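Participant: My structure is below; once you've seen it, I'll send some questions.
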Amino acid sequence: MFLLIPKEAYYLILVVALGLFIHRLYSLVRLLGVADTRAEWRSIGRRLRAVLVYVFGQKRLFQDPYPGVLHALIFWGFVVLLFSTVEAFGKGFDETFSLPLLGGNAAFVFLSDLFALLVVVAVCLSAYRRLVSRPSRLSLSATALIILALIFLVMASFFTNEAAQLSLSKTSSWWQPVGMALSSGFNAWLDAGSLSGIFALSWWAHIVLVLGFLAFLTYSKHLHILAAAPNIFLSAAETHPVPRALDIARQDRFGASRARELHWKDKLDLFSCTECGRCEERCPAYLSGKPLSPKQLTIGLRKDLLRGNGRRNGAASLAGVVDEEAIWACTTCGQCQERCPVSNKHVSKITELRRGLTLMKGRFPSELSRPFQSLENHANPWSIWHKTRDWLIEENRVPRVSEENHVDVLVFVGCTAAFDDRIKKVMAAFVRVLRAAKVDFGVLGAEERCCGDPARRLGEEFLFQEVARQNIVAFKRMGVRRIVTACPHCFHVLKNEYPQLGGGEYEVLHHSQFLAQLIQAGKLKLGDIQRNFTFHDPCYLGRHNTVYDQPRQVIASLTQNEMLEVPRSRSLSFCCGGGGGHMWMAERTGKRLNQMRVQEIHAAGAETVATACPFCLIMLEDGLAATQLERKLVAQDLAELVDSAIRE
Amino acid sequence: MKIVVCVKQVVDSIVPVKAAVPPTAIDEDDIVWVVNPYDLLAMEDALRIRERFENATITAISMGPRRVEKGLRRCLALGADEAIHILDDAIEGLDSFATATILAGAIAKLGFDLVLCGARSADAGTSNVGPCVAELLNVAQVTSVAKIALAADGKSALVERRLERGDREAIQCPLPAVLTIDVGANEPRYPTLPARKGAATAEVGVLDLRLLGLQPGQIGSDSARVKVKNISTPRPKARKIFTPDSSLSAEERIRLLMSGGVMEKKGDFLEGTASKVAAEVSEQLKKYL
C-alpha cells in the first residue's frame, strides 16, 4: 500500500488542508462584501460567451503573442491535468480508483502527458523571461518565481509517479511518451523496491505540492486563478462601462476613500489582478512620466483592502499605497481596461476615488475650483455667460427648439462648441453641412446645459446630476427624439449615462455617424480633397463606444487617396490628454501627451489629421504649435472637412 | 471665542450688467448672484481659527432679499455653526453706512469676539462697511488683512496687512476687533456633499429691523447719505498712442512705453502720517460742502 500511513491520517490531512483553503477563501469573499447581485444575472448569454472567449480562449493574452502562448499552455495544461489530479487524490482513498470515462482512456492519458510536458517547457521559458529578459511591465516578483517553481515540481512529481507506475506494472504505453522515456531510465537503474518507494514518495509529493499550491494561491496574486473567471463573467454585460449611479438624497457616504469602500465588483477586480502590467504598458499617463500606473494603483488598493483598518498592520488612509497625484493624473482614456486579460475596470476605481476626494473632502487640484464654480453658477465649465450659447441662433439663424417648435434632429452643441472660438468654427461648418443635406434640425440655445462630463470624470457627481437633470427635463419638454452631437464626451454621457437619471428615450448619434449616414443616403455631393489624411480616434468615440469605422467612411468619401493609419490607432489610439477633466487641469510633470501624439502622427506621414472631438482638436493644435509642426501637419474636424468638400 | 462673519451676495462678474429703468439701480433680470469672494476668504480664515480654538463658534450674517439665503446656506455648508438673515422690506437702496448700521446692530445683539468680513465687495467695491461697523461697535479694526495669527489666549491677534506691491505690514491688534480680509495664503475650501445636504435643510435665523430695534425711517433709501443718481455703461475713451522720442536710448523708450507715457501730475501732493493727511484732506473737502 503506497500511502505509508493510515488512511485516516490521509483523510485528516485533506480535511485540514482543504479546510484552511476554504476558510481563507471565505474570509476573502467576506472582504468583498457582495450585495445586490440582481444586475449580474442579466445577459447570461453574453456573459457565458465572454468566459468562453476570454478564459478558455485566452483572447486578450494573445495580443502579446509570445507570453500569450506561454500562459495559454500553462492554463490549458491546468485544465487538462485537473482531471488526473482528481484521480491522484482519489487513489488515496482507493488504490484502484480511476475516473469514469476518462480513467485509462488512451486519448486522455496522452493529452495529460503532452500538456504536462508543454507546461514544463512553458514554465521554464517563463522563468527565463522573468529572470533574464526582464520585460519592463513585469516587476521582479518572488511570488511569481515561487509559483513557477511549484508548478514545475508538481509536473515533475506527476511524471515521476507516472514513470514509476509504468515501471512497476511493467507496462509499455505508447500513449504516454514522456512517462515511457522516464520509465526506461528507471528500469535501467532502479529495482522494484526502490520503484515502490519512488511511486509512494512521488504520489505524496504530488498531493502535498497541490495542496500547498492551493494554499499559496490564496495569499498571492495567483488568486486570479479563482477570481478571473467570475470577474470576466461579471464584467461582460457592460458594453460601455459607466460610473455607478449615486443616490445623493439617500446616501451619506460618496465614493471611496479606502479600498473597502469600493463596490464589491471593483474589489473582485483587485483579487483578479495578476500584476501582468499590460495596463501600465499602454497607459498614456504612465508613458508620459506621470506618477500613475494602473497596475500599481490596483496593487496598492489590494494591499489596503487586505491590511484591514487598525488592529495589527492597519492604516488610517490610502497614504503610502496610493498616490493622490496618481488619482488625478488619469485621463480616463480606457486603454488599461481594453487590454486587461481579466477584464478589470480601472477607470471605475479612479472615479470612485475622485468622488471620495471631491465630494467627501473637497480636495482636488486647486485649478478645478474655477470650472466647478462655473458649472454651479453658469451650467458650463468655461466661466462664460450662458446666454452666449444663443450665438448659433442669433448669428447663424439656426432654429431654436422649444415646446412649440419641435424638430427632427436636436443638435446638442456642447460647451466647447458654444464658447471656444476655434470650435465655434467647427459648429458653424457642421450647421452648413446640415443645411446642405436639408436636415430638419435645431438647437436649445441658452436652455442647453453642460452635458456634465467634466464634473462626473472629476468626481463632482452633485454638479453632474444638477446639469444632467436640467437637460433631461428640457429634452422631455421639447419632445426630443433624436440627438446629434459633435463631441464624443457629450455623446457618451447622453447615450450611456443619462439613462441612470431617467433620460434615454431618444436616439443619440455622434456627428461622424450622422455624417456617414447622410453621405451613404446620397444627401451630400462631395468633391475630392487632394490630401493625405489620417484619423486620430478619440478615446470617447473609439474605445469607450467602439465607433471606429464611420469616421473612416466619412474620410473615404472625401478623398480618392488611401487613408493612412497611425501605428496606435483604433482601440490602440493614444489619448490626446484632454479627457478625464484634464482640459481644465495643469499638466505639471513629465512630457505633454498632446505633443507626444502629434509627433507620432507626423511621423506616420500624414498632412492632415482628421479629428472628431473638440478636446482632441484643441489639444492637437496646441501640440502642433508647441512642437512647431504647424506648417507640416494640419488638424481639422470631420465637419470642417465635409463642409469644405461640398459641391453644389 | 465667538466669530461673526459678514457675507454679501455680489453680481458674478461674467454676466454683463445693464442699468434698470429708471437707471438708479442695475437690472436684476438674468443676474447670477454669488457669495462675495472676499467674504469667502473671511469664512476660510474663520474656519481655520476654529480648527485651532476648540470652543470657537462661527456665525454667518447677511442682509437683503430672499436670495441672500443661498449664500448663507453656502456658509453653513462650509462649516458655519449658525446663519442669520436680516430680512426686511425696508432694506432697499441702502448705502454702506446704512448697511453697516444694521449689521453693527445685529452683531452687537449677538455678541462677538471677532468680526471678519471681506475687504471689499467684488461689485460695488467701496470697502466702507468693515471700517464703519468697527467704528459703530467701537472696537479696533485692521483692513486688508492677509494673515491672522491669534494669540493662544484669544485676546489679541498679530495680523499682516497687505500694502502695495507685495509689502506687508505687521500689526498687533487687541480683541474684540473687526478685521477685513483680503487675498492671502489661504484658499477658500470647497464644501463637501454631506455638508451641502445638511446645509440645505438647516435652520437659518431671520431677523427684521424691528427685532434689531431700528425704525424703518432710520434706514432706507430716503435717509441714505449716499444716493445713486445714475448708472450707465462707460464709453471707452479714445486712447492716444504714446510715441517716445527717438533720440532717447532703447531702454528709456521701453521704460516710457511700459509706464504708459509720462504725464504731468496736476494738483497738490500731500505727504505725512495718516492722521495728518486725513486732516488736510477733510479740510479740502469741506470747501465742496
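Participant: Among the listed residues A:Leu494, A:Leu501, A:Leu518, A:Leu509, which satisfies the condition of being touching a strand residue (DSSP E or B) at 6+ places or on another chain (Cβ under 6 Å), surrounded by fewer than 23 Cβ atoms within 10 Å (Cβ to Cβ) and of a type outside the set (Phe, Trp, Tyr)?
Facilitator: None of the others qualify; the one that does is A:Leu509.
Participant: If you don't mind, there's one more thing I want to ask. It is to be established whether one or more residues within segment A:238-253 are open to solvent by less than 10 Å² (accessible area, probe 1.4 Å) and touching a residue at least 24 places away in the same chain (Cβ under 8 Å).
Facilitator: Checked against the condition, which is being open to solvent by less than 10 Å² (accessible area, probe 1.4 Å) and touching a residue at least 24 places away in the same chain (Cβ under 8 Å), segment A:238-253 yields no hits at all.
Participant: Go through segment A:418-445 and count every residue that is open to solvent by 10 Å² or more (accessible area, probe 1.4 Å) and in contact (Cβ under 8 Å) with a residue 60 or more places away in the chain.
Facilitator: Looking only at that region, the number is 7.
Participant: Kindly indicate the residue of segment B:140-174 that is open to solvent by less than 30 Å² (accessible area, probe 1.4 Å) and under 22 Å from B:Asp39 (Cβ atoms) and also nearest to the other protein chains (Cβ to nearest Cβ) among those meeting that condition.
Facilitator: In this case the residue turns out to be B:Ala146.
Participant: Enumerate the strands (runs of 3 or more DSSP E) found wholly within segment A:458-539, keeping only those where 1 or more residues are at pLDDT 95 or above, under 24 Å from the mean Cα position of the chain (by Cα) and closer than 27 Å to A:Gln335 by Cα.
Facilitator: Answer list for segment A:458-539: A:507-510, A:533-535.
Participant: Of all residues in segment A:460-479, how many are away from chain B (no Cβ under 14 Å) and open to solvent by 10 Å² or more (accessible area, probe 1.4 Å)?
Facilitator: Summing the residues that are away from chain B (no Cβ under 14 Å) and open to solvent by 10 Å² or more (accessible area, probe 1.4 Å) in segment A:460-479 gives 7.
One line per residue, one yes/no per condition, for (1) over 18 Å from A:Met563 (Cβ atoms); (2) in contact with an Asp or Glu (Cβ under 9 Å, 6 or more places away or on another chain):
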{"residue": "A:Glu600", "(1), (2)": "no, no"}
{"residue": "A:Thr611", "(1), (2)": "no, yes"}
{"residue": "A:Met619", "(1), (2)": "yes, no"}
{"residue": "A:Leu624", "(1), (2)": "yes, yes"}
{"residue": "A:Glu630", "(1), (2)": "yes, yes"}
{"residue": "A:Leu641", "(1), (2)": "no, no"}
{"residue": "A:Ile646", "(1), (2)": "yes, no"}
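Participant: Do you know which residues across segment A:26-58 are part of a helix (DSSP H, G or I), in contact (Cβ under 8 Å) with a residue 60 or more places away in the chain and open to solvent by 50 Å² or more (accessible area, probe 1.4 Å)?
Facilitator: A:Leu31, A:Arg46, A:Leu48, A:Arg49, A:Tyr54, listed by residue number.
Participant: Among the residues of segment A:139-173, what is the count of those that are hydroxyl-bearing (Ser, Thr, Tyr), more than 31 Å from the chain's Cα centre (by Cα) and part of a loop (DSSP other than H, G, I, E, B)?
Facilitator: Result for segment A:139-173: 4.
Participant: Follow-up question, since we're still on this one. Select from segment A:377-401 the residues that are part of a helix (DSSP H, G or I) and at the interface with chain B (Cβ under 9 Å from one of its Cβ atoms) and write down the one among them that is most open to solvent (accessible area, probe 1.4 Å).
Facilitator: Among residues in segment A:377-401 that are part of a helix (DSSP H, G or I) and at the interface with chain B (Cβ under 9 Å from one of its Cβ atoms), the one most open to solvent (accessible area, probe 1.4 Å) is A:Lys387.
Participant: A:Ala635 - would you say it is touching a strand residue (DSSP E or B) at 6+ places or on another chain (Cβ under 6 Å), surrounded by 16 or more Cβ atoms within 10 Å (Cβ to Cβ) and not hydroxyl-bearing (Ser, Thr, Tyr)?
Facilitator: In short, yes.
Participant: Failed condition for A:Lys349, given (1) open to solvent by less than 20 Å² (accessible area, probe 1.4 Å); (2) touching a residue at least 40 places away in the same chain (Cβ under 8 Å); (3) more than 14 Å from every other protein chain (Cβ to nearest Cβ); (4) in a loop (DSSP other than H, G, I, E, B), with all others met?
Facilitator: So the condition that A:Lys349 fails would be (4).
Participant: For segment A:183-224, name all the residues that are aliphatic (A, V, I, L, M), in a helix (DSSP H, G or I) and either touching a Ser or Thr at 6+ places or on another chain (Cβ under 7 Å) or surrounded by fewer than 18 Cβ atoms within 10 Å (Cβ to Cβ) (or both).
Facilitator: A:Ala188, A:Ala192, A:Leu195, A:Ile198, A:Ala200, A:Leu201, A:Ala205, A:Val208, A:Leu209, A:Val210, A:Ala215
Participant: Kindly provide the set of residues from segment B:228-244 that are more than 25 Å from B:Asp27 (Cβ to Cβ) and open to solvent by less than 90 Å² (accessible area, probe 1.4 Å), ordered by number.
Facilitator: Result: B:Phe242, B:Pro244.
Participant: Got a sec? Which of A:Ala285, A:Ala256 is touching a Leu at 6+ places or on another chain (Cβ under 8 Å), open to solvent by less than 10 Å² (accessible area, probe 1.4 Å) and part of a loop (DSSP other than H, G, I, E, B)?
Facilitator: A:Ala256
Participant: Turning to a different aspect of this structure: Examine segment A:358-371 for a residue that is within 14 Å of chain B (Cβ to nearest Cβ), closer than 27 Å to A:Trp264 by Cα and open to solvent by less than 10 Å² (accessible area, probe 1.4 Å), and state whether such a residue exists.
Facilitator: Scanning segment A:358-371, I find at least one residue that is within 14 Å of chain B (Cβ to nearest Cβ), closer than 27 Å to A:Trp264 by Cα and open to solvent by less than 10 Å² (accessible area, probe 1.4 Å), so the answer is yes.
Participant: Can you run down the residue pairs with Cβ atoms below 7 Å, 6 or more apart or on separate chains, where the first is in segment B:188-212 and away from chain A (no Cβ under 12 Å) and the partner is assigned to a loop (DSSP other than H, G, I, E, B)?
Facilitator: Correct list of pairs: B:Val206/B:Leu87; B:Asp208/B:Leu87; B:Asp208/B:Asp88; B:Leu209/B:Asp88; B:Leu209/B:Ala90; B:Leu209/B:Ile219.
Participant: Checking B:Gly125 against (1) buried (at least 18 other Cβ atoms within 10 Å of the Cβ); (2) more than 15 Å from B:Ile3 (Cα to Cα), which single condition isn't satisfied?
Facilitator: Here B:Gly125 meets the rest and fails (1).
Participant: Could you check segment A:554-575 and list, in sequence order, the residues that are in contact (Cβ under 8 Å) with a residue 24 or more places away in the chain and not in a loop (DSSP other than H, G, I, E, B)?
Facilitator: A:Val554, A:Ile555, A:Leu564, A:Arg570, A:Ser571, A:Leu572
The values are calculated or read from the model by the stated rules, or taken from the named source; none is laboratory data. Everything numeric in this text was worked out from a predicted model, so none of it was measured. Positions of Cβ are generated from backbone atoms using ideal geometry, with glycine treated the same way; all protein chains shown enter the neighbour counts. Surface accessibility is based on the protein's heavy atoms, side chains included, excluding ligands, DNA and RNA. Shrake-Rupley method; radii C 1.70, N 1.55, O 1.52, S 1.80 Å.
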